[in-house]
Amino acid sequence: MTKPLWAPWRLEYIEQADEQEGCVFCAEAAGTLAPAQSLLVHEGDTAIALLNKFPYSSGHLMVAPRRHVGELGDLTDDEALEIHRLAVAAVGVLKHVYGPEGFNLGWNLGRMAGAGIADHVHLHVVPRWAGDTNFMPVLADVKVIPEHLLETRDRLREAWG
Ligand SMILES: [Zn+2]
């Protein structure tokens, strides 16, 4: 039996998501964020890969189309293919850098399913370790995450090449 990861900061995030201005995926795709704010790890032609600011686990990436698309079925074939390819590359990079024991990949469609940003679809790539349901809540102090995230971003960017 796989236990779901317990990530209490996610709830805070989802509750605040409606109040946020703009769309982080569009901002990352447009390159308008300051270097200290951007969590972009890789840019493709039609899709991007970025770190999740409120991760389920270390190295939690998301792959999203550049276009602001709210419905999975509205992705073009090119976008769907590149999102899949970037997800495969993300798994490879994360394996190389962090050596997780497994991965969960998935789409959260709609707020009820846990999507923080419901109107720009994105594919989660979540590295998993044995026992991470136990130690993650302890490690993942929301106050220490920003520095940790930028370091993670740089390591993954470099490994992605
Ligand atoms: Zn967007």
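The values are calculated or read from the model by the stated rules, or taken from the named source; none is laboratory data. Keep in mind that what you see is a predicted model, and the values were worked out from it rather than measured. Neighbour counts are summed over all protein chains in view; Cβ atoms, including those assigned to glycine, are modelled from backbone coordinates with ideal geometry. The area values use the complete protein model at the heavy-atom level, side chains included, leaving out ligands, DNA and RNA. Shrake-Rupley method; radii C 1.70, N 1.55, O 1.52, S 1.80 Å.
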- Could you tell me the accessible area of MET62 in Å² (1.4 Å probe, neighbours in place), rounded to the nearest ten? 10 Å²
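Set the Förster radius R0 to 45 Å, insert the Cβ-Cβ distance between ALA130 and ALA30 as r into 1/(1 + (r/R0)^6), and round the FRET efficiency to 0.05.
Details: r = 39 Å, r/R0 = 0.87.
FRET efficiency, ALA130 to ALA30: 0.70.
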- What is the sum of charges around GLY31, taking Lys and Arg as +1, Asp and Glu as -1, for the other residues whose C-beta is under 13 Å from the C-beta of GLY31? -1
- Query: Taking amide H positions as placed 1.01 Å from N in the peptide plane, with prolines and chain starts having none, which residues 5 or more places from VAL69, or on another chain, fall under 5 Å of its amide H?
  - Reply: VAL121
